[in-house]
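Engineer: Right, I'll just put the structure down here and ask away after.
The values are calculated or read from the model by the stated rules, or taken from the named source; none is laboratory data. Being a predicted model, the structure only gives us computed values, none of them experimental. Every residue, glycine among them, receives a Cβ derived from its backbone with ideal geometry; neighbour counts consider all protein chains shown.
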Amino acid sequence: MPKLSVIVPFYNVQQYAPDTLTSLRSNARDDFEFILVDDCSTDATSDILARAARELPGAVLVRHEKNGGLATARNTGIDKARGDYLTFLDGDDWLAPGYFPRLLAAIEELGCDFVRTDHVQCTARARSIHRVPHGRRGTVLNPREGILPADRSTSVDYAYAWAGIYHRRLVDRGLLHFTDGLRTAEDRPWIWKLHREADTFAVVGLLGVYYRRGVASSLTQIGDVRQLDFIRAFDQVIEETARDPEGDRLLPKAVRTYCAIMSHHLGSIERFEPGVARQLRSLCAAALKRMPQDVLTEVMDSMDVQRAGALRRVRRRPVAARTAAARTVAV
């Protein structure tokens, strides 16, 4: 049985897939498997992956008949994985040689449920190191310690699935799968669930993942309706956190993060198609009305004037009953 399963979704990344696959080869080991999920690519990505399946040691190629998005593709990989440990990489990112053996050694030494790591962000030729926003390194901790305080960046804000490694027992407990069908913000309910429900975690100062920003096909660069899935993602965070035994203590952080993401999208609304922009305002108004109102008021009172003002204007918008009750965004 493999020691490590690496899950790598690909969708129309023919320009970047060769670099990603080369970096996987530089991380191959006899007890590693690489699950390559082709999410119904329509460019040359499928041909590149077919060759890689023959040449990359431990490669397992899976092809979706229909594009399902990143969350669904990762779930396919999780279901196929046989390793004692699991990790992720995106099809347009790459790794330093020998990174996965070092990552595996870190979690085996610590013996915890999951480990989070720093990464290198790459925009064109610029490189910058991004750290997990948690001060204690190399120490096994309760994951709930990575949620608060509400007014500072914490581990739940560092939601990158590929910035870490996860023990199989998280799969067995139903904690590692993503919300199927989410096209964006799929990692937000996922990271909150890990920090609320896993038993142990640690942060290590290990660099080796190179995260490519500014890719034209990335959803972060596209202002279409798929971006609105952040509403469904954060609704899930709020609902699940409200049911937690410590919900009263944790909800201010969840609501504050939701409001910050909402404010970000409303502040750059010009990048959306006109119909999507109207839908964004309506969905945000409905979402604000669904939040616990006492917590929302406290959060808004603590935000800067500009962002709080924008949210208050949206909050006052009338909302049709069917919009207020909506739990999903049509794609």
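Engineer: So Asp47 ticks every box in (1) under 21 Å from the mean Cα position of the chain (by Cα); (2) within 21 Å of Lys66 (Cα to Cα) but one. Which box is left unticked?
Structural biologist: Of (1) under 21 Å from the mean Cα position of the chain (by Cα); (2) within 21 Å of Lys66 (Cα to Cα), only one is false for Asp47: (1).
Engineer: Quick one: which residue in Asp151, Asp157, Asp118, Asp79 is in the same structural domain as Asn12 (by TED's automatic domain parsing) and touching a strand residue (DSSP E or B) at 6+ places or on another chain (Cβ under 9 Å)?
Structural biologist: Asp118
Engineer: Would you confirm, using the coordinates I've provided, whether Arg196 is under 17 Å from Leu311 (Cβ atoms) and of a type in the set (Lys, Arg)? Quick ask: steps written out before the conclusion?
Structural biologist: Values: under 17 Å from Leu311 (Cβ atoms): no; of a type in the set (Lys, Arg): yes.
No.
Engineer: Take Gln279 and tell me if it is touching a residue at least 12 places away in the same chain (Cβ under 8 Å) and under 17 Å from Ile261 (Cβ atoms).
Structural biologist: Answer is yes for this residue.
Engineer: Now, a different point. Just name the residue that is nearest to the chain's Cα centre (by Cα) out of those in the range 133-153 that are under 13 Å from Leu194 (Cβ atoms) and part of a loop (DSSP other than H, G, I, E, B).
Structural biologist: Ile147
Engineer: Now, a different point. Please tell me if Arg82 is within 25 Å of Thr117 (Cβ to Cβ), among the basic types (Lys, Arg) and buried (at least 17 other Cβ atoms within 10 Å of the Cβ).
Structural biologist: No, not satisfied.
Engineer: Continuing with this model, one more query. Can you go through Gly91, Gly83 and tell me which one is outside any helix (DSSP H, G or I), in contact with a Phe, Trp or Tyr (Cβ under 7 Å, 6 or more places away or on another chain) and of a type outside the set (Asp, Glu)?
Structural biologist: Details: Gly83 fails: in contact with a Phe, Trp or Tyr (Cβ under 7 Å, 6 or more places away or on another chain).
The unique qualifying residue is Gly91.
For (1) in contact with a strand residue (DSSP E or B) (Cβ under 9 Å, 6 or more places away or on another chain); (2) assigned to a loop (DSSP other than H, G, I, E, B), each residue gets a yes or a no:
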{"residue": "Val8", "(1), (2)": "yes, no"}
{"residue": "Leu24", "(1), (2)": "yes, no"}
{"residue": "Glu33", "(1), (2)": "yes, no"}
{"residue": "Val37", "(1), (2)": "yes, no"}
{"residue": "Val60", "(1), (2)": "yes, no"}
{"residue": "Asn67", "(1), (2)": "no, yes"}
{"residue": "Thr87", "(1), (2)": "yes, no"}
{"residue": "Glu109", "(1), (2)": "no, no"}
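Engineer: Further question on the same structure: If a residue must be within 15 Å of Thr87 (Cα to Cα) and crowded, with 22+ Cβ neighbours inside 10 Å, how many such residues does the range 11-26 contain?
Structural biologist: Residues that pass the stated criteria total 2.
Engineer: Within the range 96-107, does at least one residue satisfy the condition of being crowded, with 22+ Cβ neighbours inside 10 Å, in contact with a His (Cβ under 6 Å, 6 or more places away or on another chain) and in contact (Cβ under 8 Å) with a residue 60 or more places away in the chain?
Structural biologist: no
Engineer: Separate question: Determine the pairs where a residue that is closer than 11 Å to His119 by Cα, located within the range 159-170, has a partner that is modelled with pLDDT of 95 or more and surrounded by fewer than 20 Cβ atoms within 10 Å (Cβ to Cβ) with Cβ atoms under 8 Å apart, the partner being 6 or more residues away or on another chain.
Structural biologist: Tyr160/Tyr211; Trp162/Tyr211; Ala163/Asp118
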